[in-house]
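Undergrad: I am attaching a structure below and will ask some questions about it afterwards.
The values are calculated or read from the model by the stated rules, or taken from the named source; none is laboratory data. Since this is a predicted model, take the numbers as computed values, not measurements. Virtual Cβ from ideal backbone geometry, glycine too; neighbours counted across all protein chains shown. Heavy atoms of the whole protein, side chains included, go into the accessibility calculation; ligands, DNA and RNA do not. Shrake-Rupley method; radii C 1.70, N 1.55, O 1.52, S 1.80 Å.
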Amino acid sequence: MNLDWSAEDLAFRDEVRAFLDAELTPELRNAGSRMTSVYADHELSMEWQKKLHRKGWAAPAWPVEHGGPGWTVAQRYIYTRERVAVGAPPVSPMGIQMCGPAIIGHGSEEQKAFFLPRMLSGEHFWCQGYSEPQAGSDLASLQMRAVDDGDDLIVSGQKVWNTHADIADWGFFLVRTSQHDRPQIGITFLLIDMATSGITVKPIISPSGEHIQNEIFLDEVRVPKANVIGEIDKGWTVAKYLLEFERGGVAYAPELQVRLDGIARAAEETSDGKG
């Protein structure tokens, strides 16, 4: 088996390097290289996403018909490795890496046409509404209720540990639309405009003083049924599909390889008496 890069792969690598060299400012490099989690500084991350969007590279794994670049697996590996190596920040995973694939896989054509372009451009910034005070690792026990009211659902309840909910334009939520002996039944995957009346976001301040996490309180928030992804009461299927992208859909190998290379260089310098 030939594991060498093809001429096309090497040409793509050179294109990626040229783009990164031209578009990465020192501030953007610092935002990526100094990350302590999967999130970079919000404003700089959005600045970087806009540059990627203009290039057509904001969503490496998306199909071409929805705005993806149509890269091969090798090209996605090369891009990620080169990005991490120079300290370029990632985009926020909530929209492009998580909710976007769920909409592509289970949304209507109208939902795809409205949400996906705005997600790519950064016009809509997303948060996740899953965990509740009594429903964390046992997510199926969630109780945020959504009551049928004609063309709408009336949503009330609390979510917690919601990253960037204070600055999000939209959120994707799991809500309880009916009760069943099996808790996974009766859950609905719902998109909610965070500017809707009845939504209150309260900060959770970390011991370091950072404000990234939040609580979200919904008090009889009216949400159109047109914002349901998939079918009412069958949102658990959509949630499991999304988890394939949250937990397994990101290629971690190139990032880990860059880190291992750095450790190897540090070890070599230490053994040579330079460290």
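Undergrad: I need the P(r) histogram for region 1-147: all alpha carbon pairs, bin width 5 Å from 0 out to the longest distance, whole percents.
TA: Histogram of Cα-Cα distances, whole percents per bin: 2, 8, 16, 18, 17, 14, 11, 7, 3, 2, 1, 0.
Undergrad: Give me the angle, in degrees from 0 to 90, between the Cα long axis of helix 7-23 and the longest principal axis of the Cα atoms of the chain, rounded to the nearest 10.
TA: 80 degrees
Undergrad: Here is a follow-up. Using only the Cα atoms of region 89-153, what do you get for the radius of gyration and for Dmax, in Å?
TA: Here Rg and the maximum Cα pair distance are 14.5, 44 Å.
Undergrad: Give a quick list of trypsin sites (Lys or Arg not before Pro) in region 1-95 that DSSP marks as loop, anything other than H, G, I, E or B, with at most 11 other Cβ atoms within 10 Å.
TA: Here the trypsin sites (Lys or Arg not before Pro) that fit, given the DSSP loop and packing criteria, are ARG34.
Undergrad: Now a separate question. At q = 0.10, 0.12, 0.14, 0.17 Å⁻¹, what base-10 log of I(q)/I(0) does the Debye formula yield for the chain when every alpha carbon is treated as an equal point scatterer in vacuo?
TA: So the normalised log intensities work out to -0.58, -0.81, -1.03, -1.37.
Undergrad: To the nearest 10 degrees, how steep is helix 253-271 against the longest Cα principal axis of the chain, on a 0 to 90 scale?
TA: Approximately 40 degrees, to the nearest ten.
Undergrad: A follow-up question, please. Roll a 1.4 Å probe over the protein chains and send me the accessible area per residue for the chain in Å². Present the calculation step by step, with values, prior to reporting the outcome.
TA: Working: 14350 Å² over 275 residues.
Value for the chain: 52 Å² per residue.
Undergrad: Assigning unit charges at the beta carbon (Lys, Arg +1; Asp, Glu -1) and nothing else, what dipole magnitude in debye, to the nearest 20, does region 191-245 show about its Cα centre?
TA: Working: 5 positive and 8 negative charges, 20 e Å.
I would put it at about 100 debye.
Undergrad: Still on this structure: Starting from region 45-83, pick out the GluC sites (Glu not before Pro) whose DSSP state is loop and whose Cβ has at most 12 other Cβ atoms within 10 Å.
TA: On the way: sites: GLU47, GLU65, GLU82; in loops: none.
Nothing satisfies the criteria.
Undergrad: Over region 80-212, what portion of Cα pair distances is larger than 22 Å, expressed as a whole percent?
TA: Working: 4019 of 8778 pairs.
When every Cα pair of region 80-212 is considered, 46 percent fall beyond 22 Å.
Undergrad: Pick from GLU123, GLU132, GLU110 the residue whose mean-square fluctuation is largest in a GNM of the chain, springs joining Cα atoms under 10 Å.
TA: Checking each option, the largest mean-square fluctuation is seen for GLU110.
Undergrad: Given springs between every Cα pair under 10 Å in a Gaussian network model of the chain, which of VAL228, VAL38, VAL16 has the largest fluctuation?
TA: VAL38
Undergrad: Also, I was wondering about something else. Report, ordered by chain and residue number, the lysines lying within cross-link reach of LYS51, taken as a straight Cα distance under 27 Å and ignoring same-chain residues fewer than 8 apart.
TA: LYS112
Undergrad: Determine the dipole magnitude for the chain: charges of +1 sit on the beta-carbon of Lys and Arg, -1 on that of Asp and Glu, nothing else is charged, the reference point is the Cα centre, and the result goes in debye to the nearest 20.
TA: 260 debye
Undergrad: Scale the Cα Rg of region 40-84 by the rule-of-thumb value 2.2 N^0.38 Å and send over the ratio, two decimals. If you can, show how the numbers build up before the last one.
TA: On the way: Rg = 11.1 Å, N = 45, 2.2 N^0.38 = 9.3 Å.
Normalised Cα radius of gyration, region 40-84: 1.18.
Undergrad: When you count, for each residue, the other Cβ atoms within 10 Å and take the mean per peptide, how do 169-177, 236-244 rank with the highest first?
TA: Put in order of decreasing packing, that is 169-177, 236-244.
Undergrad: Same structure again: Summing -39500 (n - 2.57) over the DSSP H runs of n ≥ 4 in the chain and dividing by its residue number, what mean residue ellipticity at 222 nm do you reach, to the nearest 500 deg cm²/dmol?
TA: Values: 8 runs with 104 residues, N = 275.
Taken over the chain, the calculation gives -12000 deg cm²/dmol.
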